[in-house]
Amino acid sequence: MGLAALLATLVVALRWGGGITGRAIVGLPDPGALTAWGLPLARAAADVCAVATVGFTVTAAFLLPGDGRLLGPAAYRMLRRAGWWAAGWAVASLALLPLTLSDLLGQPVSRVTFAGVRSLAWSVSQGQSALAQAVLAAAVAVAARLVLTRTGTAVVALVAGAALVPPALTGHSAGAGNHQLAVTSLAVHIVAAALWAGGLAALVTLRGDKLLAGTVRGYSRLALGCWVAVAVSGVANAAVRLGALGELWHSRYGLLVLGKVAALVAAGVFGAVHRRKTPPGNLRRLLTGELILFAATLGLAVALSRTPTPVPANPVDTDPVTDLLGFPAPAPLSAARVFWPPLLDGFFLAAVVLAVAAYLTGVWRLYRAGHRWPVARTASWLGGVALLAAFTVSGFARYAYVLFSAHMAQHLVLAMLVPILLVGGAPVTLALRTLRPPADPRVRGARDWLLLVLHSRVLRLLSHPVVALAQYVIGLYALYFSDLLGFLMRYHVGHLAMLVHFVLSGYLFFWVLIGVDPGRRTTSPPILVLVHFAGMAFHAFLGIALMQSRTVIAADWYTSVHPAWASGLLADQRVGAGLAWGFGEIPAVAILLLLVVRWIRADEREQRRLDRAADRAEETGEEDELARYNAFLRRAAETAERR
């Protein structure tokens with residue numbers, strides 16, 4: 001019934017919305033009916049398989065009970081089913097390649113050659129997206145037949161979730177004027193919807209009312225978060241594609257959006273009500289009805305991807321700078337334009353909101369339980385998040401795309417100031433004290449997964465001071481002394497990955513140096529001081545090397561986007577180099593003072609321990625550790641005198 005609802009909705013929406021007209025236009029190439037209908041049907045098949053794969057793997061890893069390190073029987077069966085769906089996902093993604101090429105060339109599928117399909121898969125974004133999905137889905141299909149542990153299943157689920165993202169990089173959103181918001185919001189929309197609908201499909205296949213009732217409780221919390229994410233990201237993406245509010249009811253694309261909104265609201269309300277009040281015996285039947293509604297919504301979503309939008313994805317009159325940046329070239333820098341208009345990047349906007357909400361929720365839980373949480377830690381965390389927002393979603397973020405000096409300022413803040421403040425917030429300690437365990441002790445909750453990460457060998461390796469310093473420094477020099485910066489700046493995902501790396505690498509480095517959360521390797525204060533000095537030296541040397549360089553870094557990129565009102569490329573680069581050389585002095589000195597204070601306190605604690613041991617030895621008449629050490633020194637001195 002779900003498949004019938006999906007196909008019926010897809011056919012009607014394609015016909016009515018203009019995704020398929022049913023007639024060829026004279027003088028324009030026509031790929032034929034096979035491509036016109038086959039492409040959305042193959043996309044729908046891939047989406048159905050993707051939703052089932054993600055839902056089944058996530059349910060097996062995070063919602064079903066296990067047996068120690070191993071999967072439980074129900075989770076084992078769920079993972080094996082996911083493997084079959086993943087294989088179908090890979091096949092459907094490969095089928096998209098010849099159909100997509102036929103659509104792009106306006107030629108029937110019979111005229112498509114293998115060489116053309118191969119060129120599409122390697123050179124064109126739509127082909128690269130389909131190929132990436134096929135490869136990742138095939139990896140999930142193989143892993144699902146081999147994995148037996150819950151940790152391995154969690155990794156498989158993460159790979160399946162990553163395979164959902166490539167389509168967000170192509171299509172309507174990738175061609176939008178503000179792809180910082182459009183691409184990220186679509187990626188969030190796809191992942192959240194897949195978790196929501198896929199988890200629902202997994203619940204329908206469970207055997208036994210008791211197991212179903214227990215799993216539904218965990219799924220309901222996941223579904224609520226997914227519903228909010230789907231709603232917010234859907235509104236953001238639709239706003240970019242519609243252009244104006246009136247297009248919601250004046251365009252067929254807008255009316256299809258309204259239909260999709262109505263279906264998702266109905267599914268959310270219906271699911272939230274009946275999962276709380278329906279007895280286990282009737283629960284499966286109502287879950288099936290909710291799944292049918294989801295299938296119809298998926299048909300609408302596929303039809304929307306083929307429906308012409310009010311704001312064209314590929315406008316005729318284009319601005320080269322807008323094509324590269326996703327927004328027009330910014331006006332001359334001023335105090336007001338540093339803040340407004342903002343550059344709403346969906347990823348960092350969501351990260352900021354979630355970071356504030358999650359942290360304050362933890363503090364509130366402690367307060368309600370009668371415990372206190374240091375105000376200084378809360379202020380430190382909120383200050384770090386505020387700085388993150390100021391340099392990623394404010395007006396300053398626009399200038400970081402076009403000026404090397406602004407990019408360097410953004411880099412230094414994200415890699416130094418933001419991590420220091422976030423580390424001072426002790427988020428891991430707060431999470432360990434406030435995360436609630438699941439109702440079934442055989443199910444791994446969020447706290448269990450966090451403890452697993454903290455005790456893992458990977459984190460023990462990463463928290464070694466030399467490793468933390470190496471990843472911090474190597475990324476720094478690789479970015480500016482190779483072609484990597486120019487490459488990453490040309491792609492939204494690459495730019496996003498670069499900024500995330502700044503924050504994460506800085507967080508790891510300063511967590512090792514000054515962190516108070518559990519999980520970090522115990523290291524003596526003198527070693528930490530030396531590591532900190534090394535980090536300062538590498539930063540200073542980078543600034544000096546850039547100031548003396550006569551070669552423009554990422555010249556191809558900055559030549560294309562450098563504003564006419566700014567100073568020359570090399571002069572602007574030297575301003576950025578000066579920032580790299582002198583910016584970190586104040587935070588570096590603060591960290592050094594903190595390390596020295598901790599060193600002194602550690603020595604004082606050690607001296608008090610030795611004094612207590614000496615007092616005990618004197619009371620009992622035993623020789624203490626200090627006395628044995630002094631005796632060793634006397635014997636060594638006597639031996640030296642005899643020689």
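The values are calculated or read from the model by the stated rules, or taken from the named source; none is laboratory data. Bear in mind the structure is a predicted one, so any value in this text is a computation, not a measurement. Don't worry about glycine lacking a Cβ; one is built from the backbone with ideal geometry, like all the others, and counts go over all protein chains shown. Keep in mind that these areas ignore ligands, DNA and RNA; they rest on the heavy atoms of the full protein, side chains included. Shrake-Rupley method; radii C 1.70, N 1.55, O 1.52, S 1.80 Å.
Computed from the Cβ-Cβ distance with R0 of 22 Å, the FRET efficiency linking His371 to Arg69 stands at 0.10. Modelled spin labels at Ser524 and Gln128, positioned 7 Å past Cα toward Cβ, are 5.0 nm from each other.
The distance between label points at Val135 and Ala545 comes to 3.0 nm (points 7 Å beyond Cα on the Cα→Cβ vector). Applying 0.36 nm per residue to the separation of Ser220 and Val500 and subtracting their alpha-carbon distance, the gain on full extension is 97.8 nm. Convex hull of alpha carbon positions in the range 48-149: directionally averaged projected area 7.0 nm².
All Cα-Cα distances of the range 381-507, cut into 10 Å bins from zero to the largest, leave 11, 34, 31, 18, 5, 0 percent in each bin in turn. Principal axis extents of the Cα atoms in the range 456-525, from largest to smallest and rounded to whole angstrom, are 41, 21, 20. If R0 equals 25 Å, the separation of the Cβ atoms of Ser567 and Ala478 corresponds to a calculated FRET efficiency of about 0.40. For the range 494-586, the C-alpha radius of gyration sits at 1.39 times the compact-globule guess of 2.2 N^0.38 Å, with N the residue count. Applying 1/(1 + (r/R0)^6) with r as the Cβ-Cβ distance of Val575 and Ala262 and R0 = 51 angstrom yields a FRET efficiency of 0.45. Protein heavy-atom accessible surface, 1.4 Å probe, per residue over the range 431-475: 63 Å². With the simple spin-label model, which puts each label point 7 Å out from Cα in the Cβ direction, the Arg436 to Val516 separation comes to 2.7 nm.
Size descriptors for the range 372-415 (Cα atoms only): Rg and Dmax, in that order, 13.1, 46 Å.
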